[in-house]
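The structure appears below as structure tokens.
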């Protein structure tokens, strides 16, 4: 017996209403996450940060579409900064207190790596259904069992050490060693420009995973030395003096590669639902020496081949210091986040944030709950700060440590402890960030009470971050 027309219409209406209810109740698709991590980019080295002698249209594009931070802190060098980024924790908790091994074949004779029990952002997102990839630099341990594929990344293409020559793909310090891997397979593609190879893989990864959520980190080898810009910029900035000229070419090279990633997100229609984070690991480098110092270098370069940073070129504005120091020029870095679906465009935040904060922020924005058994995070979510320009920073005190050196900042005061291995002595200096020439004067002798207070804060902190045996 056929149902009457009114009954049929009623039934269809009820089915449609039920379907609509299910659609409303279903969780929204999780956003993609892309981290663009530059290497040795100075505090103000982008046009949107005031370096008007640079051409950085893609960094500026991110700033125009998102939130730019003026007090963002990485670390003093790359290993601890990357550990902090991927774990959301002080690097000491995972045993990253000194340089990690770079050569998988063991020529650097080190046995240092990030503790495998550390839970990375890749692992946290992978457990929530994300496809994960790292393209570029790892520098948290080269031994088999301690690489990116062992810490939550489904794919890795890049190098395991601190840097490589962009054409020969060799680490160049000392006698050098070859360092280019696709997953756990060492590959040899001499004379191909490494940043191009990385971005080729990155855009292919976006295309292959455009229908499901993905987490991708692009950890550039730029503007880190050797100063090998793309062909497009090899003759650019001819009017700038050295070493700014060479450095500017590298900044525009990395900006151009960032543009390829952003263009791919646009072309696939993913930009609105992709969180893009841009940051540098530490301040600009002033490294400078005689170059290759041995005959028969493994790369084939002759003794004397120069590959370093020409003694500088970065811009830290009023701040002194550089990579390898705890002065602002060594640890304060450019940082931007863009997420059109939830974050306002073209805004600036002056509150303190750290590289550790990306971990909880990403989990918040992606709606991923931290695992109950996961280690304690030191980073704090920026979610409220992103939506409310008046929200307070979550960081009253900042702590940094590397080797036997350390620093602690509270308010306008920063105490820096530097160990000199040649003389086996330690020097403590106290700096003020609010002076007309910030950090230039040492106030340690005239402010002993502040030295004592900040030293006590460091000592208490150091006891809490020491890994438990």
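The values are calculated or read from the model by the stated rules, or taken from the named source; none is laboratory data. Predicted model only: the values in this text are computed from it and were never measured. When we count neighbours, we look across all protein chains shown, and the Cβ atoms used for this are built from the backbone with ideal geometry, even at glycine.
Within the range 247-285, the set of residues being in a loop (DSSP other than H, G, I, E, B) and either touching a helix residue (DSSP H, G or I) at 6+ places or on another chain (Cβ under 8 Å) or surrounded by fewer than 20 Cβ atoms within 10 Å (Cβ to Cβ) (or both) comprises 268, 269, 270, 281, 282, 283, 284.
Condition first: within 25 Å of residue 287 (Cβ to Cβ) and within 19 Å of the chain's Cα centre (by Cα). Now tell me which residues in the range 197-225 satisfy that.
At the first step, the residues of the range 197-225 found to be within 25 Å of residue 287 (Cβ to Cβ) are 197-198, 217-225.
Listed by number, the residues that qualify are 198, 217, 218, 219, 220, 221, 222, 223, 224, 225.
For beta carbons closer than 6 Å, sequence separation of 6+ or different chains, a first residue in the range 184-199 that is under 24 Å from residue 38 (Cβ atoms) and a second that is part of a helix (DSSP H, G or I), the qualifying pairs are 195/257; 199/257; 199/260. State whether the residues of the range 183-192 include one that is within 22 Å of residue 77 (Cβ to Cβ), in a loop (DSSP other than H, G, I, E, B) and over 24 Å from the mean Cα position of the chain (by Cα). No: zero hits.
Do the conditions hold for residue 134, that is, is it modelled with pLDDT of 95 or more and in a strand (DSSP E or B)? So residue 134 passes the test.
Which one of these does residue 241 not meet: (1) touching a residue at least 40 places away in the same chain (Cβ under 8 Å); (2) over 30 Å from residue 296 (Cβ atoms)? For residue 241, the failing item is (1). Within the range 116-130, residues that are under 14 Å from residue 148 (Cβ atoms) and in the same structural domain as residue 376 (by TED's automatic domain parsing) have Cβ atoms under 6 Å from residues that are part of a loop (DSSP other than H, G, I, E, B) and modelled with pLDDT of 95 or more in these pairs: 120/151; 120/152; 122/152; 122/153; 123/152; 126/152, counting only partners at least 6 apart in sequence or on another chain. When 134, 112 are checked against the criterion of being assigned by TED's automatic domain parsing to the domain that holds residue 322, touching a helix residue (DSSP H, G or I) at 6+ places or on another chain (Cβ under 8 Å) and in contact (Cβ under 8 Å) with a residue 24 or more places away in the chain, 134 stands alone in meeting it. Residue check: is residue 294 touching a helix residue (DSSP H, G or I) at 6+ places or on another chain (Cβ under 9 Å) and over 30 Å from residue 428 (Cβ atoms)? Here the answer is no, as residue 294 does not meet what is asked. I'd like to know if the range 366-379 contains one or more residues that are touching a helix residue (DSSP H, G or I) at 6+ places or on another chain (Cβ under 8 Å) and without any contact (Cβ under 8 Å) to a residue 24 or more places away in the chain. Looking through the range 366-379, at least one residue is touching a helix residue (DSSP H, G or I) at 6+ places or on another chain (Cβ under 8 Å) and without any contact (Cβ under 8 Å) to a residue 24 or more places away in the chain.
Among the residues of the range 367-393, those identified as closer than 17 Å to residue 67 by Cβ and in contact with a strand residue (DSSP E or B) (Cβ under 9 Å, 6 or more places away or on another chain) are 379, 380, 382, 385, 386, 389, 391, 392, 393.
Residue by residue, here is whether (1) out of contact with any strand residue (DSSP E or B) (no Cβ under 8 Å at 6 or more places or on another chain); (2) modelled with pLDDT of 95 or more; (3) closer than 22 Å to residue 318 by Cα holds:
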position: 395; (1), (2), (3): no, yes, no
position: 400; (1), (2), (3): no, yes, yes
position: 405; (1), (2), (3): no, yes, no
position: 409; (1), (2), (3): no, yes, yes
position: 415; (1), (2), (3): no, yes, yes
position: 421; (1), (2), (3): yes, no, no
position: 430; (1), (2), (3): no, yes, yes
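Considering the range 125-141, and only residues there that are more than 16 Å from residue 37 (Cα to Cα) and touching a strand residue (DSSP E or B) at 6+ places or on another chain (Cβ under 9 Å), the residue that is surrounded by the most Cβ atoms within 10 Å (Cβ to Cβ) turns out to be 130. Scanning the range 436-469 for residues that are free of Cβ contacts under 8 Å to residues at least 24 places away in the same chain, under 29 Å from the mean Cα position of the chain (by Cα) and closer than 22 Å to residue 395 by Cα yields 459, 460, 463, 464.
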